[in-house]
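As structure tokens, the structure follows; a few thoughts come after it.
The values are calculated or read from the model by the stated rules, or taken from the named source; none is laboratory data. Note that this is a predicted model, so its numbers are computed, not measured. With ideal geometry, Cβ positions are generated from the backbone for all residues, glycine too; neighbour counts draw on all protein chains shown. Accessible surface is based on the protein model in full, side chains and every heavy atom, while ligands, DNA and RNA are left aside. Shrake-Rupley method; radii C 1.70, N 1.55, O 1.52, S 1.80 Å.
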Amino acid sequence: MTSRLLRASTLAMTASLTLPAVALAAPADPGGWAVDAGLISRVRPDHLGASRYTDDVLPILEIDYGDRLSFSVDDGLKIAAWRGGDWSAGPVVEYRQSYNDRLPRGAFAMKDAIEAGGFLKRRTPIGELDLRVRKAIDGYGGWSGDMAFDTGGQISPRWKVGLEGRLSWADSSFSREYFGLRRDVVRPQSLPRFGQNDFYSAGVELDAARAIGPRLSLVATLSADRIIGEEWESPLLSSRNVITAGVGLTYRFGRLAGPGAP
């Protein structure tokens, strides 16, 4: 049950494709492989900043090995290279999908991007705080980052729910290329920098999963994000609200989750 906006999916447009692992007050999982696979039917804006919506069907894929390694379609590849008490940190690689449906005439169709960076996570009795910073190694070529707090848990023998609050940022290389209606000239930057034309968003997400059997689950997600900042305007920005919803099915291979476990 994961999702962290900007976190490698489209900024402010990432809908959770798998439900975040909740029951965060429970002890860390001792290990073992688990794979959740399935499909989700989703409703999303045509593009970032659009007021019109479209629907699509996407794969769900989440792989984890205890609390050391995790991979998912929307959350990328994350390895906990260092762990100390309630803290963990390590490298992360994510894929940012750019939605280009029904763009205005003359608008630049922004390419997808692979982003690499690192994360720092703090586990608390009521949830997890996750900080990430990434550099796009292709596509728009800039820096991005986000901060998310996830909480939730098992509310009945068959139901799990999760709630996330998040803040996201991308530098002006992203906003100039996407909202400037043109390809931006990538300016190499060795370190992330904050500027006047950076992109910001804030949002919340509610996820739920209902067990149909020991391995089969019905999953649902609803997220609402708001594009913030008034430094720039664009004909692409007809709405600052980004609402995404989806319903799907997942099947678990490998380790079965115990009560309250992911």
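Points worth noting:
- The residues in the range 72-87 that are assigned to a strand (DSSP E or B), open to solvent by less than 60 Å² (accessible area, probe 1.4 Å) and closer than 16 Å to LEU131 by Cβ can be counted, and the count is 3.
- A residue that is in a strand (DSSP E or B), open to solvent by 70 Å² or more (accessible area, probe 1.4 Å) and in contact (Cβ under 8 Å) with a residue 24 or more places away in the chain occurs somewhere in the range 88-96.
- Selection within the range 139-157 - of a type outside the set (S, T, N, Q) and either within 18 Å of PHE119 (Cβ to Cβ) or in contact with a Ser or Thr (Cβ under 9 Å, 6 or more places away or on another chain) (or both): GLY139, TYR140, GLY141, GLY142, TRP143, GLY145, ASP146, MET147, ALA148, PHE149, ASP150
- Contact map, the range 102-122: residues that are within 24 Å of ASP67 (Cα to Cα) paired with residues that are surrounded by fewer than 16 Cβ atoms within 10 Å (Cβ to Cβ) and of a type in the set (Asp, Glu), Cβ distance under 8 Å, separation 6+ or inter-chain. Pairs shown: ILE114/ASP138; ARG122/ASP86.
- Selection count, the range 37-69, where residues are more than 30 Å from ASN241 (Cβ to Cβ) and either in a strand (DSSP E or B) or not basic (Lys, Arg) (or both): 7
- Taking (1) at pLDDT 95 or above; (2) surrounded by fewer than 20 Cβ atoms within 10 Å (Cβ to Cβ) in turn, ASP36 satisfies each apart from (2).
- Selection of the range 238-262 for residues being of a type in the set (S, T, N, Q) and either at pLDDT below 85 or assigned to a loop (DSSP other than H, G, I, E, B) (or both) yields SER238, SER239.
- The condition (being surrounded by 20 or more Cβ atoms within 10 Å (Cβ to Cβ), at pLDDT below 95 and acidic (Asp, Glu)) is satisfied by just one residue among ASP225, ASP207, ASP198, ASP184: ASP198.
- Any chance ARG52 is open to solvent by 20 Å² or more (accessible area, probe 1.4 Å), modelled with pLDDT under 95 and under 23 Å from GLY32 (Cα atoms): no
- Matching option when the condition is in a loop (DSSP other than H, G, I, E, B) and either under 19 Å from the mean Cα position of the chain (by Cα) or hydroxyl-bearing (Ser, Thr, Tyr) (or both), among GLY117, GLY139: GLY139
- Of the set (1) crowded, with 20+ Cβ neighbours inside 10 Å; (2) farther than 26 Å from ALA50 by Cα; (3) in contact with a Pro (Cβ under 9 Å, 6 or more places away or on another chain), all apply to ARG132 but (3).
- As for the range 142-149, it holds at least one residue that is open to solvent by 10 Å² or more (accessible area, probe 1.4 Å), more than 28 Å from SER234 (Cα to Cα), in contact (Cβ under 8 Å) with a residue 12 or more places away in the chain and under 21 Å from the mean Cα position of the chain (by Cα).
- Test set (1) in contact with a Leu (Cβ under 8 Å, 6 or more places away or on another chain); (2) part of a strand (DSSP E or B) - PHE174 fails condition number: (2)
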